[in-house]
Amino acid sequence: MLRFQVQAHRVDEKGAELTTKEARLTLDTSIAGRVDALNPVELLLASQAACFIKGIERLALTLNFDYTGVEVSLEADRPEDQARISQLRYQIQIDTKESDQRLELLHKNLKKQGTIYNTISAGTELIGSVARSNR
C-alpha cells in the first residue's frame, strides 16, 4: 500500500499553506477569493493535470511512445446549488509524430491507469481527448 501525506494550516482569513516533503503551496481558502493561490477546485484540476503528465511519462517508456512535450487543459462545472463537480472536461495536446492509433492507445492507458482519473470518474463525468499538438 502506498501512502501519501500533506499538512495544511490556516495562515489568516485570506488563506492557508499546504506542505509536503520539501514543497509549500499557498491555498485560496478566503471567502472573497484570491488570484495568487489555488482554490480547492483548482487544486483538484491541478492534481488531474499532474496525473496525466506523470502518466504520460511512465507510459511513454512502457509503450515506446516518442514525444517532446505535453500541454493539459481542464475545465470543471459546479452546479450553483450543489457542492459537487458535475463534469470535468480535458484536452491533452502532445508534441509527437506518433499515429492516431498510438495516441488513442496512450489515452486508453491514461484512463485505465490514472489514480486521480479513476478516483474522480467514480463520481464525476469526465470527457476529454488526446491530440497531436499543432505547434
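Read-outs throughout are calculated quantities, based only on the coordinates presented, and are distinct from any laboratory measurement. Predicted model, so just to flag it, every value in this text is computed and none were measured. Every residue, glycine among them, receives a Cβ derived from its backbone with ideal geometry; neighbour counts consider all protein chains shown.
Return the Rg/Rh value of the chain, two decimal places, where both radii are evaluated on C-alpha atoms and Rh is the Kirkwood radius.
On the way: Rg = 16.9 Å, Rh = 16.6 Å.
In the chain, Rg relative to Rh is 1.01.
Taking 0.36 nm per residue of separation and subtracting the Cα-Cα distance, what length does fully extending Glu71 through His9 add?
Extra length from Glu71 to His9 when fully extended: 19.2 nm.
Any chance you could give the angle, 0 to 90 degrees and rounded to 10, that helix 100-113 forms with the longest Cα principal axis of the chain?
40
What order do you get for 101-114, 61-74 when each peptide is scored by the mean count of other beta carbon atoms within 10 Å, highest first?
Averaged packing, sorted descending, gives the order 101-114, 61-74.
Which lysines, if any, have their Cα less than 21 Å from the Cα of Lys21, not counting same-chain residues under 8 positions apart?
Lys54
Placing +1 at every Lys and Arg Cβ and -1 at every Asp and Glu Cβ, with all other atoms neutral, what dipole size does the chain have around its Cα centre, in debye to the nearest 20?
500
If I stretch the segment between Ser47 and Ala23 completely, what's the gain in nm (0.36 nm per residue apart, minus their alpha carbon distance), one decimal?
Numbers: separation 24, 0.36 × 24 = 8.64 nm, distance 1.47 nm.
That works out to 7.2 nm of additional length.
Sorting check: for 48-57, 21-30, 3-12, 80-89, which peptide has the highest mean count of neighbouring beta carbons within 10 Å, and how do the rest follow?
48-57, 21-30, 80-89, 3-12
Which Cα, out of Ser129, Leu110, Ala83, lies furthest along the positive dipole direction of the chain (beta carbon charges, K/R +1, D/E -1)?
Projecting each Cα onto the dipole axis, the largest value belongs to Leu110.
At 222 nm, what helix-only mean residue ellipticity would the chain give, in deg cm²/dmol to the nearest 500, using -39500 (n - 2.57) for each DSSP H run of four or more?
-11000 deg cm²/dmol
Report the charge-dipole magnitude of region 1-55 in Debye, nearest 20, computed about the Cα centre from +1 at each Lys and Arg Cβ and -1 at each Asp and Glu Cβ.
So the dipole magnitude of region 1-55 works out to roughly 260 debye.
Restricted to Cα positions, what overall size does region 63-135 have along the principal axes? Three whole-Å values, descending.
So the three principal-axis extents are 45, 25, 16 Å.
Give the aspartates and glutamates reachable from Lys97 as a straight Cα distance under 17 Å; neighbours fewer than 8 places away on the same chain don't count.
Candidates past the 8-residue exclusion: Glu57, Asp66, Glu71.
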